[in-house]
1. What's the Cα-based Rg to Rh of region 1-154, Rh via Kirkwood?
2. Quick one: what are the phi-derived ³J(HN,Hα) couplings along region 57-67, Karplus 6.51/-1.76/1.60 with θ = phi - 60°, whole Hz, x for glycine and proline?
3. Tilt of helix 133-145 relative to the longest C-alpha principal axis of the chain, in degrees (0 to 90, nearest 10)?
4. Using modelled backbone amide H atoms (1.01 Å from N, in-plane), which distant-in-sequence or interchain residues come within less than 5 Å of L151's amide H?
5. Restricting to DSSP H runs of at least four residues, report the calculated mean residue ellipticity at 222 nm for the chain, -39500 (n - 2.57) per run over all residues, nearest 500 deg cm²/dmol.
6. Considering the Cα positions of region 28-69, please state its Rg to one decimal place and its Dmax as a whole number of Å.
7. Compute the helix-to-body angle for 19-31: its Cα long axis versus the longest principal axis of the chain, expressed 0 to 90° and rounded to tens.
8. In the chain, carbon and sulfur make up what percent of the accessible area (probe 1.4 Å)?
Amino acid sequence: MIAESLEGKRIFVTGSTGFLGTALVERLMRSVPGCEIVLLVRPGKRSTPAERARLEVFRNNAFDRLVADRGKDGFWAEVERRVTVVGGDIGSDHLGLDQAGREVLGRCDIVIHSAATVSFDAPIDGAIEVNLLGPTRIVETLQELAPATHLVAVSTCYVAGNR
């Protein structure tokens, strides 16, 4: 039922270089063959967002099943066909998107936000930028670009108290 609902949708994913985000991208590619996936990836110190996605997301062993099913060339052809990588950062205003990235986000049906700082000893200002202000920036940017876009926010913060 979920796969059918996501068929033909363009899904924007934050946090794809992390554990949860990589697993989400793999599941979308395997279980929803008709969806398009857009990844928001920060540039690295020596790599572009697309290079980071290729190395940190798609070379992860989470994709071993897809590579085995489609063959190495078939897998990479599917990544090329279905995945768009845009450079940006949820720690920046307007997600750090350039005009082309804003246009891509504006055409998305769903945003799944799973980017977070999960380190117990992260500096508090950095954790607040990502974990608290990041979702706020996403909502503000969506309101500017695509107010009808559905937002799913996955919290990996420790917010669940004792009950």
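1. Details: Rg = 15.1 Å, Rh = 15.8 Å.
Ratio of gyration radius to Kirkwood radius: 0.96.
2. Each residue's phi maps through the Karplus curve to give 9, 7, 9, 6, 5, 4, 9, 4, 5, 5, 5 Hz.
3. 70 degrees
4. V111
5. Values: 7 runs with 66 residues, N = 163.
Using -39500 (n - 2.57) per qualifying helix, the result is -11500 deg cm²/dmol.
6. Cα only, region 28-69: 11.9, 34 Å (Rg, Dmax).
7. 40 degrees
8. Details: 5130 of 9530 Å².
Of all accessible area on the chain, carbon and sulfur atoms account for 54 percent.
The values are calculated or read from the model by the stated rules, or taken from the named source; none is laboratory data. Being a predicted model, the structure only gives us computed values, none of them experimental. Just so you know, the surface numbers come from the protein's heavy atoms only, side chains and all, with ligands and any DNA or RNA stripped out. Shrake-Rupley method; radii C 1.70, N 1.55, O 1.52, S 1.80 Å.
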